[in-house]
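K.L.:
Okay, here's the structure, questions in a sec.
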Amino acid sequence: MSEIRDMSLYTEGNRKIEWVEANMPLLRGIKSEFEKEKPFKGLKIALSIHLEAKTAFLCRVLAAGGADMYVTGSNPLSTQDDVAAALAHDGLSVYAWYNASDEEYHRHISKVIEAAPNIIIDDGGDLVSLIHSDYPHLIDNVIGGCEETTTGILRLISMNREGKLKFPMVMVNDADCKHLFDNRYGTGQSVWDGINRTTNLIVAGKTVVVAGYGWCGKGVAMRAKGLGAEIIVTEIDPIKAMEAVMDGFKVMPMNQASKFGDFFVTVTGCCSVITESDFNNMKNGAICCNAGHFDIEVDVAGLRKIAVEKKLARENIMGYKLNNGKWVYVIAEGRLVNLAAGDGHPAEIMDMSFAIQALSALHLVKNKGAVSDMIINVPREVDIDVAQRQLSNWNITIDKLTEQQKEYLN
């Protein structure tokens, strides 16, 4: 029994899913294979990923493989009610709606765990954390799982280090066909999609402060540069800081960068990246947003405490007036700006990421009981398979080593 906002919205949700399906050839091909082979027949899959159209098509692909799907969102502000309705109309078990309260969000992720899943597909680690903390009696049912994000991987590594992780998890985010494209090109485009549609302000001539220069930060900075902005990067890693310098960007601590930025984008996976002292340093009208998984990178709770006035400046933009008379604005409550204020990554990008997800889940099923490590990488052959499929979709061929070249390299 699903728990969604409004089943009558399913027609529009289905239209959205059909649009992305037409632009996700990798998943279409995998779906055809799954329909024939039914590799997940008799298995339950619990999935918690941002519940929009591209995720919904992944759910349909896994269901085509025979899985009983139990679906929820990974962020209250990224769930699209019409998409949730379309999946529920398909007969999948869906527990999610837009702008869920903390209690509702917890209830929804609990529902998919209570189904006693055999495979967990997670985004940020909430499902894995919950089954270990509140439902340990269900752990023996789990063959393994897949984690989509950097933040989730950090949580899993911590659990494993403490001896708490009880089933194998595939680090999907670390696959080359995921982080090199999803994190860089997907985040780079979708973050600015979200900012631009929400603010309706020009980026050219402005100063953009990007906190974190991992693959996501590189993508955000690259696209901001293309839009005509001056870029300042803040980092804690000296090697990444060197990369940013050699890519042509200024690098400085946040307590200095906060004086110059017009737009601030956090992409670190950490907490308290922009704090009270930084807010007080900012220009009047500075705009903050977050592209990391959780809403703790921009300290919105701290900003609320020091604000002397608060107003909704524009849909999805909250303004906070400080003691110094300046206004600081926050997009989408500091939640993921590309999903809470946009439609997320482009379909073609998520096609690669979700192909990795689907094939990693298949790998777990095929190797049930044979995986001893709790933290495992995406098999190299899966990465290569996805890349080869994509090149084929693009009608691109590449060279192959001759026997002489193989002998030379060996």
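The values are calculated or read from the model by the stated rules, or taken from the named source; none is laboratory data. Please read all numbers here as calculations on a predicted model, not as lab measurements. With ideal geometry, Cβ positions are generated from the backbone for all residues, glycine too; neighbour counts draw on all protein chains shown. Side chains included, ligands, DNA and RNA excluded: accessible areas come from the protein's heavy atoms. Shrake-Rupley method; radii C 1.70, N 1.55, O 1.52, S 1.80 Å.
K.L.:
Label residue 114 and residue 132 with points 7 Å out from Cα along Cα→Cβ: what is the distance between them in nm?
P.N.:
For the pair residue 114/residue 132, the computed spacing is 2.3 nm.
K.L.:
Now, a different point. What percent does the relative contact order of the chain come to when contacts are Cα pairs within less than 8 Å and at least six residues apart?
P.N.:
After rounding, I find 16 percent.
K.L.:
Counting only heavy atoms of protein chains, what accessible area per residue, in Å², does the stretch 38-152 have with a probe of 1.4 Å?
P.N.:
I get 27 Å² per residue for the stretch 38-152.
K.L.:
Subtracting the Cα-Cα distance from 0.36 nm times the residue separation, let me have the gained length for residue 239 to residue 306 in nm, one decimal.
P.N.:
Between residue 239 and residue 306, full extension yields an extra 20.6 nm.
K.L.:
Need the list of lysines near residue 326 for cross-linking: C-alpha distance under 23 angstrom, and skip anything on the same chain fewer than eight residues off.
P.N.:
206, 259, 283, 305, 310, 311
K.L.:
Still on this structure: Please give, to one decimal in nm, the separation of the simple spin-label points placed at residue 41 and residue 373, each 7 Å out from Cα toward the Cβ.
P.N.:
3.3
K.L.:
Continuing with this model, one more query. What are the DSSP H helices in the chain that stretch 15 Å or more along their long axis, judged by alpha-carbon atoms, and whose average Kyte-Doolittle hydropathy comes to at least -1.0?
P.N.:
Qualifying helices, which must be both long enough and hydrophobic enough, are 25-37, 53-64, 150-161, 187-199, 215-226, 347-366, 380-393.
K.L.:
Would you please give the FRET efficiency between residue 11 and residue 405, computed as 1/(1 + (r/R0)^6) with r the Cβ-Cβ distance and R0 = 60 Å, to the nearest 0.05?
P.N.:
0.60
K.L.:
Where does the chain land at 222 nm, in deg cm²/dmol rounded to the nearest 500, when only DSSP H runs of n ≥ 4 count, each adding -39500 (n - 2.57), divided by all residues?
P.N.:
Calculated mean residue ellipticity at 222 nm is -13000 deg cm²/dmol.
K.L.:
Tell me, in nm to one decimal, what length is gained between residue 275 and residue 252 on full extension, where the rule is 0.36 nm per residue of separation less the Cα-Cα distance?
P.N.:
Once the chain is fully extended between residue 275 and residue 252, it gains 6.7 nm.
K.L.:
Once all Cα-Cα distances of the chain are split into 20 Å bins that start at 0, what whole-number percent is in each one?
P.N.:
27, 56, 17, 0
K.L.:
Roughly what % of DSSP beta bridges within the chain run antiparallel, to the nearest 5?
P.N.:
20
K.L.:
Turning to a different aspect of this structure: Compute the distance from the alpha-carbon center of the stretch 109-163 to that of the stretch 233-287, in whole Å.
P.N.:
What the calculation gives is 32 Å, centre to centre.
K.L.:
Roughly speaking, what is the centre-to-centre gap between the stretch 176-226 and the stretch 320-369 when only Cα atoms are used, to the nearest Å?
P.N.:
13
K.L.:
A follow-up question, please. Name the shape class, rounded, prolate or oblate, that the alpha-carbon gyration tensor gives for the stretch 356-410, where a ≥ b ≥ c are the square roots of its eigenvalues, rounded holds for a/c under 1.5, and otherwise prolate holds if a/b is larger than b/c and oblate otherwise.
P.N.:
Oblate is the answer for the stretch 356-410, as a/c is 1.5 or above yet b/c matches or exceeds a/b.
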